[in-house]
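Working notes, structure below.
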2 protein chains.
Amino acid sequence: MGEFDLIARYFTRPVRKAALGVGDDCALLAPAPGMQLAVSSDMLVEGRHFFADVDPEALGHKALAVNLSDLAACGARPLAFTLALSLPRVDEAWLAGFSRGMWALADAHGCELVGGDTTQGPLNICITVFGEVPAGQALLRSGARPGDDIYVSGTLGDARLALEALLGHITLPDDVLARARQRLERPTPRVPLGLALRGVASSAMDVSDGLLGDLSHILKASGVGASIDTHITSNLIAASAYISSARGQFDPNFVHQCTLAGGDDYELAFTASPARRTAVAAASHSSNTPVTRIGTVSAEPGLRLVDAQGQPVQHRYASFDHFQ
Amino acid sequence: MGEFDLIARYFTRPVRKAALGVGDDCALLAPAPGMQLAVSSDMLVEGRHFFADVDPEALGHKALAVNLSDLAACGARPLAFTLALSLPRVDEAWLAGFSRGMWALADAHGCELVGGDTTQGPLNICITVFGEVPAGQALLRSGARPGDDIYVSGTLGDARLALEALLGHITLPDDVLARARQRLERPTPRVPLGLALRGVASSAMDVSDGLLGDLSHILKASGVGASIDTHITSNLIAASAYISSARGQFDPNFVHQCTLAGGDDYELAFTASPARRTAVAAASHSSNTPVTRIGTVSAEPGLRLVDAQGQPVQHRYASFDHFQ
């Protein structure tokens with residue numbers, strides 16, 4: 001199978017929103033009047049972001065999910081994406097699985113594949129995603145204000161828990177691993193929540209490299225500090241019941257490592273004025289996405305962790321950095 | 001140097017056209033009213049698109065140039081791009097050179113870097129480029145009509161000539177190799193010509209995989225055929241004087257192989273009604289880009305090559321395909 005047959009078979013469908021899709025030198029997008037186009041790119045590399053033997057359908061899902069997560073963090077509605085794919089060889093079973101996972105998520109979000117590139121080389125997946133947001137309404141990292149509540153959606157740390165098990169660092173019961181692995185391999189981009197938080201959240205970003213590291217970007221961009229209640233965040237790991245029952249097996253800091261610096265959560269971290277608590281609850285309800293209040297923005301710079309009694313927790317939880 | 005320092009040092013500059021640039025979850029673009037956004041992605045892989053020891057400054061130029069070439073082919077004005085970069089390690093000399101080449105070309109075209117991704121892995125460069133074109137005015141592949149003239153810009157085949165020499169298949173004098181290598185490593189995206197051809201050309205695309213293969217995409221999209229004068233295309237290789245003088249060294253079909261199926265030319269192939277010859281000449285002049293008429297569109301399907309006497313030329317010049 002040649003390059004063009006491959007594109008035609010696995011990666012070409014008619015477009016409805018875009019003015020022109022796959023098949024010319026460029027795709028053409030026509031944002032509606034008053035709309036800005038939100039754009040984000042994420043690249044996934046074998047051995048770095050996923051194991052060589054990962055289920056290709058899960059990989060197709062995840063490659064698009066991590067990009068949709070960036071749109072969610074800006075409160076943008078998904079429109080379209082491009083896919084650039086470097087493949088060692090044409091493996092039809094792999095392509096069928098990968099494209100099936102990708103299309104299923106794309107269809108769920110009404111997000112159209114409009115173009116891209118296919119080449120031979122080490123497995124590498126680069127998706128650029130496009131969304132629409134009314135001018136001036138995008139959720140940015142820079143809007144957090146002292147006194148704002150800090151929230152996170154969903155659960156934290158299960159992806160890291162699965163990774164540690166898959167790397168052989170820990171052992172988990174099959175059912176616990178299976179659930180955690182779903183979070184690692186099939187993250188849920190929080191697009192409905194991001195849309196519901198327009199005009200409610202004062203700042204937002206997605207948690208991809210670990211909560212503390214990602215939150216520090218909001219704090220830096222907003223020129224503020226924060227305190228986070230680690231008693232609350234520790235309970236946000238979905239496997240918390242198992243971990244409590246098997247506490248002796250884990251280092252006491254292990255749960256903090258997973259929940260505060262785990263990586264691959266793809267939840268939204270956001271801030272909102274305490275005056276908007278009812279609106280945040282409504283956004284959570286209308287988007288069918290749990291959110292938890294985990295701390296408070298302060299004028300004093302820095303990120304402070306406190307326990308259930310408000311006492312400081314010592315920490316040095318590094319965020320993921322590709323080159324450190 | 002960590003990931004965020006790297007981005008800050010080499011890949012962050014203030015934006016003027018975009019509503020939001022590097023540093024948040026998404027960039028924000030606001031196309032002007034009535035404008036469509038043209039989008040294209042190209043991925044370059046070490047060992048496939050460039051040699052491991054290529055000058056990083058040339059590589060930075062080329063990675064953006066091949067994307068701008070797609071905008072040129074659509075008649076779109078460059079606005080912005082995202083850069084996703086997978087690097088084996090942080091090599092500051094390499095990053096300095098790569099970013100210098102990239103910024104020089106970006107500045108020349110007023111094209112802003114608005115976002116992207118940085119990760120560790122085998123060297124892979126994926127750029128997605130954004131341009132503006134008035135709604136309905138994009139140059140597409142589907143507009144060629146029987147009787148239209150077929151043109152190509154600039155020169156053809158020198159990039160392939162350089163590649164054959166660098167692979168050790170042929171030997172070239174230093175000065176000939178140096179000039180050909182410039183064409184391979186520092187292609188000139190024909191953006192001004194693409195803009196000048198709006199409303200003039202009936203179809204256009206960029207020549208990246210070889211003239212015949214790429215032209216066949218126009219013919220297929222337009223439902224037409226074509227005849228090409230190989231006497232004319234043979235003279236479009238810039239090294240033609242040297243090749244004539246050293247004719248005995250080369251297979252008689254070598255020049256056809258380079259000019260008709262060479263790859264990496266990044267010229268524009270386009271069609272226009274014979275009634276627009278004066279307008280094509282004016283577009284060539286205003287954009288300071290030579291163009292040559294090389295053939296004619298026909299209603300009869302297929303691609304026919306003829307010699308100076310109009311006699312058929314037998315051919316089987318394959319276009320580049322990553323998986324064949």
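The values are calculated or read from the model by the stated rules, or taken from the named source; none is laboratory data. Predicted model only: the values in this text are computed from it and were never measured. Please note: Cβ atoms are built from the backbone with ideal geometry, for glycine as well, and neighbour counts cover all protein chains shown.
Summed over segment A:223-270, residues that are over 26 Å from A:A178 (Cβ atoms) and part of a strand (DSSP E or B) total 7. Of the candidates A:T233, A:T188, A:T271, A:T278, the single residue that is more than 28 Å from A:L44 (Cα to Cα) and surrounded by 17 or more Cβ atoms within 10 Å (Cβ to Cβ) is A:T271. Of the residues making up segment B:1-55, just one is touching a Leu at 6+ places or on another chain (Cβ under 6 Å) and farther than 24 Å from A:T82 by Cα, namely B:Y10.
Give the residue, chosen from B:D209, B:D214, B:D251, that is at pLDDT below 95 and touching a strand residue (DSSP E or B) at 6+ places or on another chain (Cβ under 6 Å). One residue alone meets the criteria, B:D214.
Screening A:V152, A:V133 for residues that are under 24 Å from A:T271 (Cβ atoms), touching a Cys at 6+ places or on another chain (Cβ under 8 Å) and part of a strand (DSSP E or B) leaves exactly one candidate, A:V133.
The residues of segment B:52-75 that are touching a strand residue (DSSP E or B) at 6+ places or on another chain (Cβ under 6 Å), of a type outside the set (A, V, I, L, M) and either surrounded by fewer than 24 Cβ atoms within 10 Å (Cβ to Cβ) or at the interface with chain A (Cβ under 9 Å from one of its Cβ atoms) (or both), listed by number, are B:S69, B:D70, B:C74. Across segment A:153-160, a minimum of one residue is classified as within 18 Å of A:V200 (Cβ to Cβ) and either surrounded by fewer than 24 Cβ atoms within 10 Å (Cβ to Cβ) or within 11 Å of another protein chain (Cβ to nearest Cβ) (or both). Condition first: closer than 25 Å to A:S142 by Cα, modelled with pLDDT of 95 or more, more than 15 Å from the chain's Cα centre (by Cα) and not in a strand (DSSP E or B). Can you find one or more residues in segment A:187-194 that meet it? Checked against the condition, which is being closer than 25 Å to A:S142 by Cα, modelled with pLDDT of 95 or more, more than 15 Å from the chain's Cα centre (by Cα) and not in a strand (DSSP E or B), segment A:187-194 yields no hits at all. Going by what's in this entry, would A:L139 be described as surrounded by 24 or more Cβ atoms within 10 Å (Cβ to Cβ), more than 14 Å from chain B (Cβ to nearest Cβ), at pLDDT 95 or above and not in a helix (DSSP H, G or I)? Against the criterion (surrounded by 24 or more Cβ atoms within 10 Å (Cβ to Cβ), more than 14 Å from chain B (Cβ to nearest Cβ), at pLDDT 95 or above and not in a helix (DSSP H, G or I)), A:L139 does not qualify. Residue count for segment A:86-102 under the criterion of being closer than 21 Å to B:D42 by Cα and surrounded by fewer than 24 Cβ atoms within 10 Å (Cβ to Cβ): the result is 6. Restricting attention to segment B:103-130, the residues that are surrounded by 19 or more Cβ atoms within 10 Å (Cβ to Cβ) and assigned to a strand (DSSP E or B) add up to 15. Screening A:Q324, A:Q309, A:Q314 for residues that are modelled with pLDDT under 95 and within 14 Å of chain B (Cβ to nearest Cβ) leaves exactly one candidate, A:Q324.
B:R198 satisfies every condition listed in (1) crowded, with 20+ Cβ neighbours inside 10 Å; (2) at pLDDT 95 or above; (3) touching a strand residue (DSSP E or B) at 6+ places or on another chain (Cβ under 9 Å) except (1). In segment B:142-152, which residue that is of a type in the set (D, E, K, R) and surrounded by fewer than 24 Cβ atoms within 10 Å (Cβ to Cβ) is nearest to the other protein chains (Cβ to nearest Cβ)? Per the stated criteria, the residue is B:R145.
Quick one: in segment A:21-38, of everything that is closer than 24 Å to B:L68 by Cα and either in contact with a helix residue (DSSP H, G or I) (Cβ under 9 Å, 6 or more places away or on another chain) or without any contact (Cβ under 8 Å) to a residue 60 or more places away in the chain (or both), which residue is farthest from the other protein chains (Cβ to nearest Cβ)? Checking each candidate, the answer is A:V22.
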